[in-house]
Every structure is written in structure tokens, then in C-alpha cells.
Amino acid sequence: MNKVLLIIQREYVTRVRKKAFIVMIFVVPALLLGMSALIGYVAKNNQELSNDQLVKVIDESNAFEGKFHNQKHIKFEPAKQSITDAKAGLQENEDLSVLLIPADYAKKPVQIFSKKKPSYHLTEEVEKQMNSIASTKSMIDHHIDTAFLNSINKNRISVNPMEVTATGTKDANVGTTMFVGIACAILIYLSLFIYGAQVMRGVIEEKTSRIIEVIISSVKPFQLMLGKIIGVGLVGLTQFGAWILLSVISSKIAGHAFSGPGSPIAGALAVIATIPFGYIMGCFIFYFLTGYLLYSALFAAVGSAVDSETETQQFMFPITLPLLFTYLLSVTVLFQAPDSPLAVWLSIIPFTAPVAMMVRIPFGGVAPWQLALSMSLMVVGFLFTTYVAARIYRVGVLMYGKKASFKELAKWFFYKE
């Protein structure tokens, strides 16, 4: 046990003393804040980044003639030539498109031609205006008062989601909860990759420099692997702790600086304050630790089986595929249905639980038995992967000049002590 503690201390102190560690503590939060502000600015002004588009309309139905409305960066005008001549002119102008509306547009497809692929914004705008014009025409044909109907549609109804708890009723803050869930999924996905890769690179570096031969003479391979994994994990927790502390301090400063009435930042901070961050942070630390221990053991086994980082690709993809699969589902599907059977099963299976569960937890719909089962299986999962990885690691760290395969790794696993 003392030898494992010494290895943990060596890994931790060596990495914490590096200048890059200090830089990461302060630079990463600043980069995340800057990136969030940039994304918000770009999303708000995305139309300003596009060129002006000219759409020439060939309307064979005569139902849309003169009814298109020009937008800020999209201008419509009727074409005075045939479709063949209009398409020939596309080669001279990349910002020109030709919209062909057939006489029977309800049955035949409406087509838009351009030299390069039309932007999603352009096609969406054309579809929206055409649907609106067609709907208005249909109502007029059926003698429906469009002015009266439009006045009714202006009375939009907004729904305010509320959550009923044992202590009372509170605002559900669905948008903020969704943001926190996706942010947790992204953060834990990246952290498992980053710190797991650090373990793998450390093993490869020590193996290629033959330092590991000296270390193995003093400690058992399992002790070395365990100490390296725990040491790097503690470095990750230190960084997370520093980032959380900086985030809390920044939030307090921003709250006092922009505490005036009607301030959007103060309002956003007030909404965020209603989310149970203590509970979420506790679950995040648990799933980071258990997920990290599960995956880093496999990363360490991969590092011991190869002689250079370029040889790791054949082993990395099968290991990281469940994590990548769950991440893609989390940012596209799971946050929309956090209590679906798919989300529940993914949050219980150890290889997918760290990401899937962190999407579900902010929504507050995780049953206690699901959380208990998921956490229990995470502990069993990392103990199992650590055992498997240790049996491969003890052989791989002393194996040089031989390209390993999955068949070879299976042989190493069954080697006797």
C-alpha cells in the first residue's frame, strides 16, 4: 500500500508542478466563457455573416407571382427568361438561385437551382413564404376571412412550466435545466477522454524510455497501474475543484456588479440559483471518478500493449465507441426525453452511464432505485475493468517490438502469474 501511495504522490506532484497545469486552471474557464459569448454573438448575428442572395422566380402556376417578400439578405424577383437560360446564368454568379414552381406545385416538386448547394436558411425561407402564400390562397378560395384569422393568430399563448414539489410549486426552468444537462454530458465526456489519454500517454512514455523496467523491479505492475490511474484522477479533481471555485467567485462578482433591476445577467443568475447544484455536483464527481477509473484502466492496458501512440488506434475505437455513441445521443435525443426507456438503460449500463446519467439528473426525474443501481454497477464495472486491464498490463509493459492484437491481448489475460 505504501508503494501505491508513493506512485500516486509521484504522478500527482509531477503533473501539478507543470506550468501547463496552472495555465489550464485559469485559461480553460476564460476560454469557455469567451467561447460561449462568441457562440451567442454568432447565433444572434448569423445572418450578417452570409452574402446577399438573389432568387429569380419562375412561376408556372401564377399563384406566387409578386407575392414573395424580400428579406434582409434574400431578394426575390421574377425571371424573364426560360428555365434553361436561367440555369445557364448560374455559372456566372454564386449568389444567384433560380426557383422553379411547376403549374401543379401540389403534386410536382418545387425546385431551387444554384451553382453551389443552397444554404439551409435560404431553402427554409422559401418554404416558409410559399407555405404562407399557398395557405392564404386556399383560404381565399374557400371564402375564409384571412384578416380575421390573422388577428386570431396574433393572440399567442405561452405556457409557463411549473414543478410541484413537497415544499410547494416552483418554476421548472426547462431551458436552464436542458443547458445544464447537456453541459454536464459534454464536460464528463471530454474529461474522461482527456485524463484517460494522459494515463495512456504516461504508460507509453515510460515503456518506450525503459524507465518502467526500473520501476517494475520495485513495485508490482498492478500497483504501478493503480497508482498512475489514481494520481492522474486526483489531478483532474484538483482542476475541477479550481474551476468550480473560480466559477462561484465569478458568479458572485457578476451578481453584485449587475444586480440592478431588469438586469439580464442578474436574472440569469437568479434562475441558475434555483437548480440543485450541490446534488448535481456530487453526482458529477461520483460519475467522473468511477467513469474515469473504468476507462483509464482500459487506456492503461492499451498503452502497455503498444510501443507508440500511433499504434493505439485499433484498440481505442472499440473502447471509446460506447462513450461516443452515448454522447451523440445525449446532445440530440436524450435531453428531449430524459425518462425514456433508452435513457434509463443507457444510464444504468456502466460503459454509458457517466454521460447518460448526467443528462438525466438535472431534470430531477431519476428514481432512487435507478440511481442506486447505476452507481452500484459503476463500482462493479470499474473493479472488473481494472482486473482485466491489470492482467494485460503486467505482460504488456515488458513486451517490446511485437505488434499486439486483440487475440494477443486475450493470451496475455490468461497468462499465469
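The values are calculated or read from the model by the stated rules, or taken from the named source; none is laboratory data. No experiment lies behind these values; they were computed from the predicted model shown. Here the Cβ positions follow ideal geometry from the backbone for every residue, glycine too, while neighbour counts run over all protein chains shown. Surface accessibility is based on the protein's heavy atoms, side chains included, excluding ligands, DNA and RNA. Shrake-Rupley method; radii C 1.70, N 1.55, O 1.52, S 1.80 Å.
Some notes on this structure:
- The set of residues in segment 282-308 that are open to solvent by 40 Å² or more (accessible area, probe 1.4 Å), at pLDDT below 85 and in a helix (DSSP H, G or I) is empty.
- Under the condition of being open to solvent by 50 Å² or more (accessible area, probe 1.4 Å), among the small types (G, A, S) and under 19 Å from T208 (Cα atoms), the residues counted in segment 370-404 number 1.
- Residue list for segment 309-322, filter: surrounded by fewer than 20 Cβ atoms within 10 Å (Cβ to Cβ) and not β-branched (V, I, T): E309, E311, Q313, Q314, M316, F317, P318, L321, P322
- On inspection, L334 does not qualify as at pLDDT 85 or above, farther than 30 Å from K220 by Cβ and touching a helix residue (DSSP H, G or I) at 6+ places or on another chain (Cβ under 8 Å).
- If only residues of segment 407-416 that are open to solvent by 70 Å² or more (accessible area, probe 1.4 Å) and free of Cβ contacts under 8 Å to residues at least 24 places away in the same chain are counted, the one that is nearest to the chain's Cα centre (by Cα) is K407.
- The set of residues in segment 180-209 being among the β-branched types (V, I, T), more than 17 Å from F315 (Cα to Cα) and open to solvent by less than 10 Å² (accessible area, probe 1.4 Å) consists of I188 alone.
- When K128, K87 are checked against the criterion of being over 36 Å from the mean Cα position of the chain (by Cα) and basic (K, R), K87 stands alone in meeting it.
- Residue that is least open to solvent (accessible area, probe 1.4 Å), among those in segment 353-369 that are modelled with pLDDT under 85 and either charged (D, E, K, R) or part of a helix (DSSP H, G or I) (or both): P362
- All positions within segment 379-404 that are farther than 18 Å from A300 by Cβ and in contact (Cβ under 8 Å) with a residue 12 or more places away in the chain: V379, V380, G401, K403
- Members of segment 6-57 that are under 30 Å from I101 (Cα atoms), surrounded by 11 or more Cβ atoms within 10 Å (Cβ to Cβ) and modelled with pLDDT under 70: Q47, S50
- Per this entry, E125 is counted among residues that are surrounded by 13 or more Cβ atoms within 10 Å (Cβ to Cβ) and touching a residue at least 12 places away in the same chain (Cβ under 8 Å).
- Residues of segment 335-352 that are open to solvent by less than 40 Å² (accessible area, probe 1.4 Å) and in contact (Cβ under 8 Å) with a residue 40 or more places away in the chain: F335, P338, P350.
- Residue that is nearest to the chain's Cα centre (by Cα) [pool: residues in segment 107-117 that are more than 14 Å from V57 (Cβ to Cβ) and surrounded by 11 or more Cβ atoms within 10 Å (Cβ to Cβ)]: K115
- Note on segment 77-98: residues that are open to solvent by 20 Å² or more (accessible area, probe 1.4 Å) and either at pLDDT 85 or above or acidic (D, E) (or both) amount to 6.
- Some residue of segment 234-252 being modelled with pLDDT under 70 and open to solvent by less than 50 Å² (accessible area, probe 1.4 Å): no
- Summed over segment 64-122, the residues that are among the small types (G, A, S), part of a loop (DSSP other than H, G, I, E, B) and in contact (Cβ under 8 Å) with a residue 40 or more places away in the chain give a count of 2.
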